[in-house]
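The values are calculated or read from the model by the stated rules, or taken from the named source; none is laboratory data. Just so you know, these numbers come straight off a predicted model, no measurement behind them. Cβ atoms come from the backbone with ideal geometry, glycine included; neighbour counts cover every protein chain shown.
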Amino acid sequence: MTTLARQMLRRRGFARTSRGFTLIELLTAVVVAGVLITIALPSMREYVRRGSRQAAQAHLIELATTQDKIFLNSNAYSASVTGAYSGASTGGLGVPGGLTRDGRYTLSVTGDGASFTLAATPVVGSAQDGDGTLTIDSTGARTWGSRSW
């Protein structure tokens, strides 16, 4: 700022130069940030929930493909999710802990050797709690709760 500009500001009552934020400016910024967080947080949670559901769906499709490979090798489906994968129906699908990769769904398999149903149930207490169970069966039918996916 030039000397002339400073002199003009002093004549008009603006003698002091600003060196920081006023309390009002700071409070305004905090309120705006609070409003943005209040709006954005639920949207972000739903985005994460949807992403985990899609990851679980992809995992179920992978496991169904593995079941088909096992059926081709031994003419029966595996009855174990956590058992070590051996390529035969006496082995398992090789999922350690019986959980999806992000740990938000518990995986299970039911069947009689001639058919199977894989299920991903939300873990209680996780972000997916109450999201509905995902299933896929040996015919390729896929459900999420009461509707298909």
Count of the stretch 116-129 residues which are in a strand (DSSP E or B), of a type in the set (Gly, Ala, Ser) and within 14 Å of the chain's Cα centre (by Cα): 1
Residue pairs meeting the criteria (Cβ under 7 Å; at least 6 apart or on separate chains; first under 16 Å from GLU46 (Cα atoms), in the stretch 114-126; second of a type in the set (Ser, Thr, Tyr)): PRO122/TYR105
Flag if ILE61 is closer than 19 Å to ASP137 by Cβ, over 25 Å from the mean Cα position of the chain (by Cα) and among the β-branched types (Val, Ile, Thr): no
Single residue of ALA64, ALA79, ALA33, ALA29 found to be surrounded by 12 or more Cβ atoms within 10 Å (Cβ to Cβ) and either touching a Leu at 6+ places or on another chain (Cβ under 8 Å) or not in a loop (DSSP other than H, G, I, E, B) (or both): ALA64
Selection within the stretch 82-101 - surrounded by fewer than 14 Cβ atoms within 10 Å (Cβ to Cβ) and within 27 Å of the chain's Cα centre (by Cα): ALA84, PRO96, GLY97, ARG101
Lone unmet requirement of (1) without any contact (Cβ under 8 Å) to a residue 24 or more places away in the chain; (2) farther than 21 Å from GLY140 by Cα; (3) of a type in the set (A, V, I, L, M) for ILE70: (2)
The listed residue being at pLDDT below 95 and on the phi < 0 side of the Ramachandran plot, out of THR65, THR90, THR106: THR90
Hey, ARG49 among the basic types (Lys, Arg), farther than 17 Å from ILE136 by Cβ and crowded, with 16+ Cβ neighbours inside 10 Å or not: yes
Matching entry among PHE71, PHE21 (being hydrophobic (A, V, I, L, M, F, W, C) and either in a loop (DSSP other than H, G, I, E, B) or exposed (fewer than 11 other Cβ atoms within 10 Å of the Cβ) (or both)): PHE21
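Somewhere in the stretch 102-116, is a residue among the hydrophobic types (A, V, I, L, M, F, W, C) and surrounded by fewer than 14 Cβ atoms within 10 Å (Cβ to Cβ)? So that I can check it myself, show each step before the final result.
Of the stretch 102-116, the ones among the hydrophobic types (A, V, I, L, M, F, W, C) are 107, 109, 114, 116.
With the extra rule that they be surrounded by fewer than 14 Cβ atoms within 10 Å (Cβ to Cβ), the set shrinks to 114.
Yes, the stretch 102-116 contains a residue that is among the hydrophobic types (A, V, I, L, M, F, W, C) and surrounded by fewer than 14 Cβ atoms within 10 Å (Cβ to Cβ).
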When residues of the stretch 127-137 are limited to those that are touching a residue at least 60 places away in the same chain (Cβ under 8 Å) and under 18 Å from GLY51 (Cβ atoms), the one surrounded by the most Cβ atoms within 10 Å (Cβ to Cβ): LEU134
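Could you pull out the residue among GLY132, GLY113 that is over 26 Å from the mean Cα position of the chain (by Cα) and assigned to a loop (DSSP other than H, G, I, E, B)?
GLY113
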The stretch 138-149: number of residues that are free of Cβ contacts under 8 Å to residues at least 40 places away in the same chain, more than 27 Å from LEU41 (Cα to Cα) and out of contact with any Lys or Arg (no Cβ under 7 Å at 6 or more places or on another chain): 5
